[in-house]
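Only one structure is covered here, and it is reproduced in the block below.
The values are calculated or read from the model by the stated rules, or taken from the named source; none is laboratory data. For clarity, every value in this text was computed on a predicted model and none was experimentally measured. Neighbour counts are summed over all protein chains in view; Cβ atoms, including those assigned to glycine, are modelled from backbone coordinates with ideal geometry. Each accessible area value is taken on the protein alone, full model and side chains, heavy atoms only, with ligands, DNA and RNA left out. Shrake-Rupley method; radii C 1.70, N 1.55, O 1.52, S 1.80 Å.
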Amino acid sequence: MNTEELLERILAEGRRRAEEVEVFCGEGIGISAEIKQAIIGVAEESRIRGLSIRTIDHGRIGVSGTGDPAKWQACLDAALASGRIADPQEWHGLPGPAEIDRKPLSADPALAVDAESAAGLIRQLLEGASAYPVEVTGGSAGLSRSVITIANTKGAYYSMERTHAGVSLETISGQSTGYEFASSPFLEDIDAGRVGEQAAFFAAHSVGGRDIESGAYDVILSPIAAAQLIGTVFLQGLSGKNVKAGRSYLAGKLGEQCTDERLSLYDDPFARGIGSTAWDAEAVPTRRLDFVREGVLQCFAYDLRTAYRYGEQTTASAVRSGGGAPGIGVHNLIVDGPASEIRDERAVYIHDVVGAHTANPLSGDFSVEVSNPFWIEGGEFGEAIRSAMYAGNVFEMLGEIGGLGNDPRIVGRLILPSIRLNNQQIIGK
Amino acid sequence: MSEPRYYDVRCVRGEATLIDIDNGVVESAGTSFFDRAVVRVLGPMGWGVLTLDHFDPESKGELSGALASAMRLAAITGDRVELGEAPHAALPVPALREDPRTVDLEEKTRLLAEIEAAARLPEVVNTRARYSESIDQVRFLDSSGNEALYEMVRSGFSIMAVAARNGTMQMGRESDHTITGFDLRHRQALGEKAAETAVALLDAGLAKGGTFRTVLDPKLAGVFTHEAVGHASEGDHIREGNSVLAGRIGERIGCEGLLIVDDPTLPGYGFEPVDAEGVAVQRTEIIRDGILQAYIHNRETLAAVGDGVAGHARAEHGDAPLVRMSNTFIENGDATRDEILAECGDGILLKGSRGGQVDPGRGVFQFNAEYGYLIENGECTRMVRDVSLSGEILKTLHNILLIGNDREMHAGHCGKGGQIVPVSDGAPHILLSSATVGGRGR
């Protein structure tokens with residue numbers, strides 16, 4: 001049975017048993033090559049076809065999923081059973097069909113999902129890494145193509161193809177490690193040679209680092225380090241569900257200055273990023289969503305259920321991780337602002353942090369170990385710093401901005417430049 | 001195309017149940033189904049791995065097709081992989097005290113709601129409880145004729161409470177997960193405990209960062225064991241040259257009396273009856289009396305590195321196995337908690353865990369405590385929040401001054417290579433002569 005027939009059959013059966021039904025189906029193939037030291041040791045192909053069913057009956061929402069579409073009936077039964085236990089809530093219907101541009105936003109026709117292409121990316125990674133005297137410890141290249149489809153009993157039916165290419169490399173020199181990666185829907189965005197060279201540079205340049213005294217320093221967070229801290233804490237604060245449940249630091253601050261006025265944060269589902277899409281995971285047409293405009297908090301993110309429950313409007317912010325039930329998230333979160341030469345004045349450059357996930361998501365407080373810290377001045381990387389911790393608060397940190405770099409890149413679902421921060425707390429050893 | 005030198009198939013089929021109660025509202029309570037298989041072949045050089053849904057290894061056609069696909073993948077590999085010899089056997093899975101399948105979803109939801117309700121103390125503004133249960137039916141077979149078939153039932157819950165006062169928010173979180181059966185009955189005390197922690201933290205101060213004498217409670221010392229020692233002893237990191245413990249077998253890397261073990265045979269949350277390559281699991285003493293004894297291995301890293309024990313291959317369903325920890329702990333010493341605090345004198349006690357991370361190549365780890373207390377004159381005084389600890393693996397183990405006699409194990413989850421597996425870790429209270437504590441207090 002093809003996907004269209006399968007979805008129609010599920011909706012037809014579901015409609016008899018619940019007021020509304022939605023089916024989300026994902027199928028795809030991915031190939032990756034993994035290196036151990038500098039040789040490919042594993043080549044892997046993953047084929048996935050799964051579906052997730054959601055039923056709504058008298059405000060009771062039920063969900064279930066299965067990796068075996070042939071068992072959709074058991075999955076529908078489980079979704080209905082689940083709905084019978086969930087507490088009923090205010091519900092005003094799934095979205096019907098809308099006029100949207102059905103052109104795929106994140107599918108690269110030139111991207112071939114085959115083992116040879118992955119092996120080619122690995123060769124480029126290794127070639128890049130050979131620029132510095134380091135050992136390669138691990139790395140990978142992955143290519144994938146998938147089709148996701150959503151259909152509901154209101155008549156919405158959207159399908160889109162997505163592609164993804166990603167590379168990463170880990171290196172070591174003595175006890176100095178280096179890591180770099182790149183990820184995009186488009187193969188042409190992946191400069192594997194450059195990724196390899198950077199991974200090697202960070203390990204090589206970190207050798208012989210000197211201690212740093214505890215104190216307050218100007219800091220430059222690379223896009224990777226900034227994404228780790230902003231992704232762990234700030235995004236959770238923007239979730240309308242967390243706001244209404246009393247779990248967000250940002251609750252009650254709409255219209256207030258909550259970051260430096262140079263900073264804007266918005267979700268652009270039409271940007272060139274990993275999460276680009278014209279419809280969200282509940283079939284609501286997406287649009288650009290300005291969370292923070294020039295430092296002022298403008299809005300929070302809602303999906304349908306949270307919006308209906310609290311009398312808000314959905315912001316088309318439903319996403320699904322791993323094909324499961326929809327939840328609130330971002331498509332492509334862009335951190336934007338006027339770029340400047342932030343590397344001129346002396347600062348501590350932080351390439352990555354260890355332990356960002358241990359930050360306090362409510363208060364924003366964190367203390368992390370830093371990876372590959374260097375002094376930076378006059379635009380150049382200087383002496384390496386051996387080891388340090390960085391303690392701060394994500395919400396306060398975004399008000400202590402010294403400037404934004406002109407180097408935006410994709411880090412997961414975020415697209416952001418490096419960020420210079422004034423007077424941050426570094427703990428030396 | 002040549003025949004594979006070796007192949008194995010691991011199918012995991014089952015169901016996962018999740019219940020989510022947020023501020024008294026049952027958000028969702030339902031079951032999903034999965035049936036994933038991983039087919040691995042060893043080609044002339046390295047691995048070809050195929051992962052797919054609802055695969056039937058009994059079907060000759062399906063199997064030969066999957067093996068051929070995996071062999072085509074293996075053709076791009078260049079690293080000649082050898083497999084170490086290891087005994088194949090499976091332990092019985094511990095009996096369930098109460099099988100969660102005999103409890104209906106309504107009752108589970110009601111019991112979880114009781115725990116969630118118990119967390120609603122004054123000043124608590126949000127409570128959230130989650131129950132998770134997974135029933136895994138695992139089938140393993142390999143080209144040498146080894147087979148294993150077993151069922152694992154894992155279940156548990158977490159409860160989080162958020163307290164707020166004058167714009168300040170803090171949280172407390174408790175959880176418990178087990179392999180020995182349904183565990184939601186009469187657990188309201190954990191809900192209260194999460195709430196009490198959240199409320200107490202409203203009055204806690206910020207810790208000042210710096211180097212201190214530090215006491216770790218059993219929960220945090222367990223995370224320390226996992227992050228600071230466990231990961232760096234994993235055979236894949238050793239083989240890749242990505243661990244400071246490489247080449248140090250027989251070397252003193254910790255204080256006298258220090259015994260660190262990874263033991264998948266214990267009935268903790270990290271229990272496995274047999275590893276993901278069909279290899280018999282066994283207790284592995286990583287460090288004994290302060291001396292590095294063994295790495296933990298899968299068959300490939302055992303052959304490549306040696307100095308250790310296979311049987312530590314684990315996989316999330318639908319993923320190829322990696323070298324993983326199971327139940328990891330520091331064995332008891334003989335100091336009491338009071339002796340440890342007295343010996344500490346002035347320092348800091350760190351309690352509970354918000355998780356941690358390690359860079360094994362650099363030998364640097366970080367982990368975060370839920371809260372702590374300043375220790376003054378051997379007494380716990382002011383409560384502090386948002387404290388973390390970082391250190392260097394090779395130094396920190398020498399800095400252990402005292403090992404307590406009150407070991408506790410705690411269930412959790414460990415992420416590596418994009419896969420999450422259930423683990424437990426534990427330790428008694430330990431005293432470190434110096435540790436770098438990160439905090440925002442100035």
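Miscellaneous remarks
- Single residue of the stretch A:285-310 satisfying the filter (in a loop (DSSP other than H, G, I, E, B), of a type outside the set (Asp, Glu) and over 20 Å from the mean Cα position of the chain (by Cα)) that is surrounded by the most Cβ atoms within 10 Å (Cβ to Cβ): A:Gly295
- Answer from A:Leu111, A:Leu51 - the residue that is modelled with pLDDT under 95, buried (at least 18 other Cβ atoms within 10 Å of the Cβ) and in contact with a strand residue (DSSP E or B) (Cβ under 6 Å, 6 or more places away or on another chain): A:Leu51
- Residue in the stretch B:30-41 that is over 30 Å from A:Thr55 (Cα atoms), β-branched (Val, Ile, Thr) and touching an Asp or Glu at 6+ places or on another chain (Cβ under 7 Å) present: yes
- Test: residue in the stretch B:326-342 that is at positive phi and touching a residue at least 40 places away in the same chain (Cβ under 8 Å): no
- Among the residues listed as B:Asp275, B:Asp319, the single one being among the acidic types (Asp, Glu), in contact (Cβ under 8 Å) with a residue 24 or more places away in the chain and open to solvent by less than 10 Å² (accessible area, probe 1.4 Å): B:Asp275
- Looking only at the stretch B:211-247, and only at residues there that are part of a strand (DSSP E or B) and open to solvent by 10 Å² or more (accessible area, probe 1.4 Å), the one that is nearest to the other protein chains (Cβ to nearest Cβ): B:Thr211
- In the stretch B:144-161, the condition of being away from chain A (no Cβ under 14 Å), of a type in the set (Gly, Ala, Ser) and surrounded by fewer than 16 Cβ atoms within 10 Å (Cβ to Cβ) is met by at least one residue.
- Screening the stretch B:319-415 for strands (runs of 3 or more DSSP E) wholly inside it with 1 or more residues that are within 14 Å of chain A (Cβ to nearest Cβ) returns the ranges B:347-351, B:356-359, B:364-368, B:371-376, B:379-385, B:388-392.
- Taken together, the criteria place B:Arg213 among residues that are farther than 30 Å from B:Asp307 by Cα and in the same structural domain as B:Gly391 (by TED's automatic domain parsing).
- Looking at B:Thr51, B:Thr31, B:Thr17, just one residue is facing another protein chain (nearest Cβ under 10 Å), assigned to a strand (DSSP E or B) and farther than 30 Å from A:Asn242 by Cα, and that residue is B:Thr51.
- Filtered by the rule that a residue be open to solvent by 50 Å² or more (accessible area, probe 1.4 Å), acidic (Asp, Glu) and more than 18 Å from B:Val305 (Cα to Cα), the stretch B:248-269 gives a lone residue, B:Glu256.
- Within the option set A:Ser248, A:Ser239, being touching a helix residue (DSSP H, G or I) at 6+ places or on another chain (Cβ under 7 Å), polar (S, T, N, Q) and open to solvent by less than 20 Å² (accessible area, probe 1.4 Å) holds for one residue only, A:Ser248.
- Criterion applied to A:Ile61, A:Ile40 was being in contact with a strand residue (DSSP E or B) (Cβ under 6 Å, 6 or more places away or on another chain) and either at the interface with another protein chain (Cβ under 10 Å from one of its Cβ atoms) or crowded, with 20+ Cβ neighbours inside 10 Å (or both), and the one residue passing it is A:Ile40.
- Among residues of the stretch A:342-377, those that are free of Cβ contacts under 8 Å to residues at least 40 places away in the same chain, part of a loop (DSSP other than H, G, I, E, B) and open to solvent by 20 Å² or more (accessible area, probe 1.4 Å), counted: 1
- Among the conditions (1) more than 12 Å from chain B (Cβ to nearest Cβ); (2) within 21 Å of A:Ile334 (Cβ to Cβ), the only one that A:Asp218 does not satisfy is (2).
- The residues in the stretch B:80-112 that are within 14 Å of B:Ser155 (Cβ to Cβ), aliphatic (A, V, I, L, M) and open to solvent by 60 Å² or more (accessible area, probe 1.4 Å) can be counted, and the count is 0.
- The sole residue among A:Ser317, A:Ser340, A:Ser371 that is on the phi < 0 side of the Ramachandran plot and modelled with pLDDT under 95 is A:Ser371.
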